[in-house]
Amino acid sequence: MPHTAFHNATRIAGGPLAAIALAVKAAFAADPAAAILVFDDATGKVVDLDLRGSDAEIAARYAPRSDDTTPAVDETPRGRGRPKLGVVAREVTLLPRHWDWLALQSGGASQTLRRLVDDARKSDGGRSQTRAAQERAYAFIATMAGDREGFEEASRALFAGDGERFAEHSRSWPADIRAYARELLAGFALPEPKL
């Protein structure tokens, strides 16, 4: 998962977390009093890094982890039941009337819930993705521009879906902050500010 590091209002690194951690360590070595923040590109939120140890230890600590732990050739005998399909079990809390309705559906509760979620995703029209992009960008600008001129108006424009007004009210912000906010808003109309 990519991350981005800022030193004050200047972007100093972007990419995998292991590379970011090493870049941040080097920046702190050059200036121990540096004000450096690292943002998760998926959420726009600040992440804390553990920079103790050697470069190799830091790189290993933040190296991407492979979720695929199955051997190339699985020679273990297969047990009873369904094969693993990537299903994740979590708790769902419903009212009794919901459970009663689910019990009447063909395929069982799990299949019915999956079908309902898939149908909702298809009919969403991208609203969930737009909202996630807005929240991701807001988390970032609240941290980096919360005390800057135009923040309140830019925030309102962000959630109103008005890219022109967002650009207008963020025009005085440093270029790297504006650029990264646009990146976090991938798919959301946000024009370049006119200078």
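Structure notes:
- Residue within the range 133-147 that is more than 21 Å from the chain's Cα centre (by Cα), at negative phi and either among the charged types (D, E, K, R) or surrounded by fewer than 16 Cβ atoms within 10 Å (Cβ to Cβ) (or both) present: yes
- Helices (runs of 4 or more DSSP H) contained entirely in the range 92-187, each with at least 3 residues that are small (Gly, Ala, Ser) and at pLDDT 90 or above: 127-144, 151-160, 175-184
The values are calculated or read from the model by the stated rules, or taken from the named source; none is laboratory data. Since the model is a prediction, treat every value here as computed from it, not as a measurement. Please note: Cβ atoms are built from the backbone with ideal geometry, for glycine as well, and neighbour counts cover all protein chains shown.
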